[in-house]
Each structure stands twice: as structure tokens, then as C-alpha cells.
Amino acid sequence: QVQLVESGGGLVQAGGSLRLSCAASGRTFSAYAAGWFRQAPGKEREFVAAISRSGGITTYADSVKGRFTISRNNAWYKMYLQMNSLKPEDSAVYYCAAREGVLRPGAAYDYWGQGTQVTVSS
């Protein structure tokens, strides 16, 4: 099993930047594909970005492509989401998640963090 804890959320003005971190513990982090999801009030949770076990493959939702960058450091058991050019519609609780094995679009994730709030003011 792996445990996940997000940090780095906060309040930022539109056009600003934030970097979210996800700290993993437990089993070897490099055994897991990982991703970021978000959920705004009254909306369903949605996919934001995902990264393969080695970090060599990344995927993004169209809404964040070109603005957000996902990365990971397996030696440090960390994953990151660099968010630039933030918009009010990016406001949500952001969750990191992990699934054992290869990165597979649409596949379910088995492990989730508790979430970190991101609020973008206009």
C-alpha cells in the first residue's frame, strides 16, 4: 500500500502560480502510476494530469494543457503539479492518487490523498 498527503494549496490571484506536492509513504513509490484530480463544489471529480511510474510519460486534461506540469521524484517519494496562468475556474480541491502498475488512461486509482484547496481569485 501507499499513503499520499498533498500540500501547497492556497489562495492566488488569476494569472498566478502554485506548486502542489504529493508526499508518498509505504511501498516503493516507483511501483505506482500517479495522477492529480480536482473537484469543485457541486461538480464531479475530474482528471487533471497523470504520470507514468518512471515519469517518462505524462498526460493532461485539455483544460490545463500548456499551463500545468506534472512531475515526480521517485527517490524522494514525491509528485508535483506546477500550475501556471491560473484561472478562477481552476479553483477546486486537488487530490493526488496512485495506482499500482502502468499508466492507463481511464483506469481507476486505488489510493488517494485527503486533498488540498486551491482558490483562484479574479
Quiz item: Which one of the conditions (1) more than 11 Å from the chain's Cα centre (by Cα); (2) at pLDDT 95 or above does Gly35 fail to meet, given that it meets all the rest?
Solution: (1)
Quiz item: Going by the conditions given, is Ser54 more than 11 Å from the chain's Cα centre (by Cα), among the hydroxyl-bearing types (Ser, Thr, Tyr) and under 16 Å from Thr119 (Cα atoms)?
Solution: no
Exercise. Mind listing just one residue for me: the one in the stretch 35-88 that is outside any helix (DSSP H, G or I) and touching a helix residue (DSSP H, G or I) at 6+ places or on another chain (Cβ under 6 Å) and, of those, surrounded by the fewest Cβ atoms within 10 Å (Cβ to Cβ)?
Key: Tyr77
Quiz prompt | Pick from the stretch 84-122, criterion among the polar types (S, T, N, Q) and under 16 Å from Pro41 (Cα atoms), ranking: nearest to the chain's Cα centre (by Cα) | solution = Thr116
Quiz prompt | Yes/no for Arg19 being among the charged types (D, E, K, R), farther than 19 Å from Gly106 by Cβ and modelled with pLDDT of 95 or more | solution = yes
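Out of the residues in the stretch 93-122 that are among the aromatic types (Phe, Trp, Tyr) and in contact with an Asp or Glu (Cβ under 8 Å, 6 or more places away or on another chain), state the one that is nearest to Arg38 (Cα to Cα).
Tyr94
The values are calculated or read from the model by the stated rules, or taken from the named source; none is laboratory data. Note that the coordinates shown come from a computational prediction; the quantities given were computed from them, not determined experimentally. Because the Cβ atoms are built from the backbone with ideal geometry, glycine has one as well, and the counts that use them run over all protein chains shown.
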